[in-house]
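Below: the structure, in structure tokens.
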Amino acid sequence: MANETGGARAGSPLELTLRGVLLGGIITLLFTAANVYLGLKVGLTFATSIPAAVISMAILRGFKDSTIFENNIVQTVASAAGTLAAIIFVLPGLVMIGWWQGFPYWTTAAITGTGGILGVLFSVPLRRALVIDTPLPYPEGHAAAEVLRVGSQSREGAEESAKGLSVLLWNALVSAGFAILTQTRLVVAEASAWFRAGPGATGISGGLSFALMGVGHLVGISVGMAMFLGLVVGWWALLPMLTAQNPLPGGAEVWALTVFSDNVRFFGAGVIGVAAVWTLLRIAGPVIGGVRSAMAASRARQSGQALAVEEQDLPISIVFIGTLAMLVPIAILLWSVVGAGPLAGSEMLLISGALLFILVIGLLIAAVCGYMAGLIGASNSPVSGIGILSVVAASLMLVGLFGRDQPPGTTDALVAYALIVTGIVFGVATISNDNLQDLKTGQLIGATPWKQQVALVIGVVFGSLVIPPVLDLLNTAFGFAGAANAGPNALPAPQAALISTLAKGVLGGNLNWAMIGWGAVAGAAFIVLDEILGVMGRLRLPPLGVGIGIYLPMSVILPTVIGSVLGFFYDRWASKQRDPEFAERMGVLTATGLIVGESLWGVGFAAIVAASGSDTPLAVVGDDFAGPALIGGTLLFFVLVHGLYRRTRKLVTSD
């Protein structure tokens, strides 16, 4: 087995194999569907590298010639599920604004796939700066490498892999089972109370969601506390003040939620925007150095010098040619959007401006997202905040080209065009966010970088083919909040709603710039606070985490914060065990199982809704059972959480 020093491998062990690619593709299809549902429901997605590695090891163990490198390829392909699915933070906005009635298959697949492949290509020259020559911790990359190492070892590795798979499956079953109970209405899915706070209004709301608890465990205590700070600022400080200034008819719930959507979220967007710019400034130097290193390695290879397997990226010439080649289908895609309708006649101006925007902004965003993945992990990296910056920049570009005094039909077309361009850039963001995490795993086990990069392109293709029908299914079954076909159980799609609102606001001239501006000021203050905490050696509070805590609903944030605290105490217990690293890995798999079960059930339930034509096809009780459902559901939820973590601890300590 290769070591961490990057020494050359002996022989040519199996790595990029057909069976590995096919297995990774199957896992990608399943986990992509789960992530699409989770992202539309709660605005968060989960990374799939570690569960994919566990599943891969359990299956490929039956082949005598399987290797750690082949398992690494499987998790690399499957990791596209945890990244490309984030495109749902943008594309549902086209339905919300009425431009699309559904999701045209090939258009949706092309937006997703072209951006994703560009993300792979853009991240190749970043590997040296952000993976090799960097102190970034890459928590998920290290965790995935440890999982692969354990699985490649002898009987002990087989036993630990079996325990990990057991935890993943049991937790997924319990998570899915509780989600089914919420659909029967025997237990509630969310507990909330809304009330007046002085002259204003606010509330307390928390989802009884195993998936959110699992997300909280994975993001960790630092991000969890940052999100809690955002919750306090947004819901218990800012919201009471703003509701007091904007009295509305109706109860406290409608009053608070209306002001939250119209004002507080834009404040959070300002925080996220400033935090993302700060990240760009911090990593500009290392990124430039990494590009220079990649070009030097390419010249060394051309001169006949032998490079170690672990240093063999895709040649920089292929990256350059591939990037230019990808601009052709993107241009064709954009031409199909503007070739008819209100924007006809401006094709060359629009397309040339968009291609330049995708190249420049895409490269910057790839660097930011790669840095964030190295800092806090791919699943924790707030790529939705990057999407906010992208859509504002794209909309401002269109304002610069066309101005704001346009007929309503033209403005609607420009908003749709801004969302499509942002969708492509978002594909760059999500894949670069994931690719560098995978490449860190590969570096730690001695894998071949170019084979991983090829594998991720294959994963992008798999993911882009499955996302359109899943989106169509969920749109038919539920609809999206604010869209014409939205039902009572419409999926909130919070980021897509915010991003489409931002595009309309910039192009229509009625964006809530005041709240964004105040959010930017607060974002600068949160940056200063985080830096001071770092100098003092205290718990950091990432400004992007604070921004997310402000602009996502409390029902999402509160259980995520609780999950981060639960994960903190579990990890503290794990650090005292005989094998702390194995104990921590089992905690990660516990959280992952909670996420996967509920998310996969959500996709299945969407199919039931679509087939039955009812929003509540499994309900067995009515609204008069709400009281017992609240009390019983809350008690059952926390009893099950306690039982699942207790089972994990027993498996860790058992021989």
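Points to keep in mind about this one:
- For G505: the one exception among (1) at pLDDT 90 or above; (2) in a helix (DSSP H, G or I); (3) surrounded by fewer than 24 Cβ atoms within 10 Å (Cβ to Cβ): (1)
- First in region 577-603 and closer than 21 Å to K650 by Cβ, second anywhere and modelled with pLDDT of 85 or more and of a type in the set (S, T, N, Q), Cβ under 6 Å, 6 or more apart: A583/Q577; M586/T648; T590/N171; T590/T648; G593/N171; L594/N171; L594/S175; G597/S175
- Listed by first and then second residue, the pairs linking a residue in region 205-234 that is under 17 Å from F638 (Cβ atoms) and part of a helix (DSSP H, G or I) to a residue that is open to solvent by less than 10 Å² (accessible area, probe 1.4 Å) and charged (D, E, K, R), with Cβ atoms under 9 Å apart and 6 or more places separating them unless they lie on different chains, form an empty list.
- I527 vs. criteria out of contact with any Leu (no Cβ under 8 Å at 6 or more places or on another chain), open to solvent by 30 Å² or more (accessible area, probe 1.4 Å) and either of a type in the set (K, R) or assigned to a helix (DSSP H, G or I) (or both): no
- Here A514 passes the criteria (1) open to solvent by 10 Å² or more (accessible area, probe 1.4 Å); (2) over 20 Å from the mean Cα position of the chain (by Cα); (3) over 30 Å from L401 (Cβ atoms) except the one numbered (3).
- Residues satisfying the stated conditions in region 239-261, i.e. out of contact with any Phe, Trp or Tyr (no Cβ under 7 Å at 6 or more places or on another chain) and either outside any loop (DSSP other than H, G, I, E, B) or surrounded by 19 or more Cβ atoms within 10 Å (Cβ to Cβ) (or both): P240, M241, L242, A244, Q245, V254, W255, L257, T258, V259, F260, S261
- Scanning region 58-108 for residues that are of a type in the set (A, V, I, L, M, F, W, C), assigned to a helix (DSSP H, G or I) and over 30 Å from Q443 (Cα atoms) returns I88, F89, L94, V95, M96, W106.
- So V621, is it touching a residue at least 60 places away in the same chain (Cβ under 8 Å), loosely packed, with under 15 Cβ neighbours inside 10 Å and in contact with a Lys or Arg (Cβ under 6 Å, 6 or more places away or on another chain): yes
- Figure legend. Inter-residue proximity from region 241-254: first residues in contact (Cβ under 8 Å) with a residue 40 or more places away in the chain, second residues part of a loop (DSSP other than H, G, I, E, B), beta-carbon distance below 6 Å, spacing 6+ or different chains. Indicated pairs: A244/P199.
- Hey, F605 under 27 Å from F210 (Cα atoms), within 23 Å of the chain's Cα centre (by Cα) and either open to solvent by less than 50 Å² (accessible area, probe 1.4 Å) or among the small types (G, A, S) (or both) or not: yes
The values are calculated or read from the model by the stated rules, or taken from the named source; none is laboratory data. Note that this is a predicted model, so its numbers are computed, not measured. When we count neighbours, we look across all protein chains shown, and the Cβ atoms used for this are built from the backbone with ideal geometry, even at glycine. Please note that ligands, DNA and RNA were not included when accessible areas were found on the heavy atoms of the full protein model with its side chains. Shrake-Rupley method; radii C 1.70, N 1.55, O 1.52, S 1.80 Å.
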